[in-house]
1. Only one of (1) touching a helix residue (DSSP H, G or I) at 6+ places or on another chain (Cβ under 7 Å); (2) within 18 Å of L50 (Cα to Cα) fails for D173. Which number is that?
2. So, in region 181-202, of the ones that are part of a loop (DSSP other than H, G, I, E, B) and at negative phi, which residue ends up surrounded by the fewest Cβ atoms within 10 Å (Cβ to Cβ)?
3. When region 102-131 is examined, which residues are found to be of a type in the set (V, I, T) and either crowded, with 16+ Cβ neighbours inside 10 Å or in contact with an Asp or Glu (Cβ under 8 Å, 6 or more places away or on another chain) (or both)?
4. Among the residues of region 182-210, which ones are of a type outside the set (A, V, I, L, M) and farther than 21 Å from V94 by Cβ?
5. Please work out which residue is nearest to the chain's Cα centre (by Cα), limiting yourself to region 51-110 and to residues that are part of a loop (DSSP other than H, G, I, E, B) and among the β-branched types (V, I, T).
6. Where residues in region 122-159 are in a strand (DSSP E or B) and in contact (Cβ under 8 Å) with a residue 60 or more places away in the chain, which of them is nearest to E196 (Cα to Cα)?
7. Regarding region 154-173, can at least one residue be identified that is closer than 29 Å to A58 by Cα, crowded, with 23+ Cβ neighbours inside 10 Å, at pLDDT 95 or above and among the β-branched types (V, I, T)?
Amino acid sequence: MVLLVTPQALDGPPGNIADPGGPCPRETKSCGYLCLKLRCVAQLHCLTFLTDYGLEDAFVAVCHGVVSQIAPDVQVTDITHLIPLGDIRRGAVVLAQAVPYFPPAVHVAVVDPGVGTARRGVAVEAGGSLFVGPDNGLLSVAVAAVGGAVRAVSLTNRSLWRDGTSATFHGRDIFMPVAARLAAGLALGQAGDPVEVTSLVTLPQPEYRITGNGAQAEVVTADGFGNVQLSLPGADAPRAGLIPGTAVTLAWDGGEVTMPFVTTFGEVAPGEPLCYRDSGDWVAIAVANGDAARRFGLRPGTRITLTVT
């Protein structure tokens, strides 16, 4: 926590990143008189960035440049820019996979098929971090994973946007300028009008159910190796009878295959399928040295029945 003399810090009662008008978290003897005159503002220093922009054009570099102009001391970490175009669910899942490994940060995500429409741009406080992006469900999985939204604002403070805002590049003109200022210490309430956290767009939760001899689940996502992550938490695998050394038959509309439930890829021959608990501790399907998603035609949303045999 550091004290910053900013235009927002010169007037009004002491506050913090969550509530500029609320009690100061550092109003102690060591903070004393200064806290009566300045807002206590947290610099997050770390800003992450996820998009579907790709790497062939200047879009990502331009957004980095915007941050460096506004907050040169803020470190930007790229999560990925290879989310399939417009695939909000894939972007949401990847963001949620990455966020737990960062210190408190500002997380910017832009997979935005509705850019320029009436959809809101938002900043959401959750789990000690801030999430900035379109209100289309993209942020919702990560926000839920860190404990749920505490507070949110619609990004209506146009003074924080770039001049001449484009209708088709809100990552450059709205999300990154606002995020950079938040990372540098701007109070969340200064970014725009408050909105009810219950009004934020959320993606449907993938479902699963433990059965007498297995489970029913659905495909959540497939990574770049073609490994297919299911909605069944690894912690519940033993309840479904999925323990190393067992065999499991997976059946879905258009296919069925039996494979071993193992701990690691090396337990099967190259080209053979396997079921396992992945690094995120979800039940997953893979092909050793192969691509399970392509081989079995599995896509997000595909419902699968797992039967221990």
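The values are calculated or read from the model by the stated rules, or taken from the named source; none is laboratory data. From a predicted model like this one, the values you see are computed outputs, not experimental measurements. Heads up, the Cβs are rebuilt from the backbone with ideal geometry, glycines too, and the neighbour counts pull from every protein chain shown.
1. For D173, the exception is condition (1).
2. Initial filter on region 181-202 (part of a loop (DSSP other than H, G, I, E, B)): 185-187, 192, 196, 200-202.
Remaining after also requiring at negative phi: 186-187, 196, 200-202.
Details: L186: 28, A187: 24, E196: 9, L200: 19, V201: 15, T202: 15.
The qualifying residue surrounded by the fewest Cβ atoms within 10 Å (Cβ to Cβ) is E196.
3. From region 102-131, those of a type in the set (V, I, T) are 106, 108, 110-111, 115, 117, 122, 124; that's our starting set.
Residues satisfying the conditions are V106, V108, V110, V111, V115, V122, V124.
4. Narrowing region 182-210 to residues of a type outside the set (A, V, I, L, M): 185, 189-190, 192-194, 196, 198-199, 202, 204-209.
Correct list: G185, G189, Q190, G192, D193, P194, E196, T198, S199, R209.
5. From region 51-110, those part of a loop (DSSP other than H, G, I, E, B) are 52-58, 71-74, 81-87, 102-105; that's our starting set.
Imposing the further condition that a residue be among the β-branched types (V, I, T) reduces the set to 74, 83.
Details: V74: 19, I83: 12 Å.
For region 51-110, the residue satisfying everything is I83.
6. Step one: of region 122-159, the residues in a strand (DSSP E or B) are 122-126, 129-134, 151-154.
Pick out the ones that are also in contact (Cβ under 8 Å) with a residue 60 or more places away in the chain and you get 122-125, 129-130, 151.
Numbers: V122: 11, A123: 12, V124: 10, E125: 12, S129: 18, L130: 16, R151: 8 Å.
Step by step, filter region 122-159, then rank; the result is R151.
7. Checked region 154-173: no residue is closer than 29 Å to A58 by Cα, crowded, with 23+ Cβ neighbours inside 10 Å, at pLDDT 95 or above and among the β-branched types (V, I, T).
For every residue, the table says whether it meets (1) of a type in the set (S, T, Y); (2) touching a Ser or Thr at 6+ places or on another chain (Cβ under 6 Å).
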| site | (1), (2) |
| --- | --- |
| T221 | yes, no |
| G234 | no, no |
| A240 | no, no |
| G245 | no, no |
| T249 | yes, yes |
| M259 | no, no |
| T264 | yes, no |
| E267 | no, no |
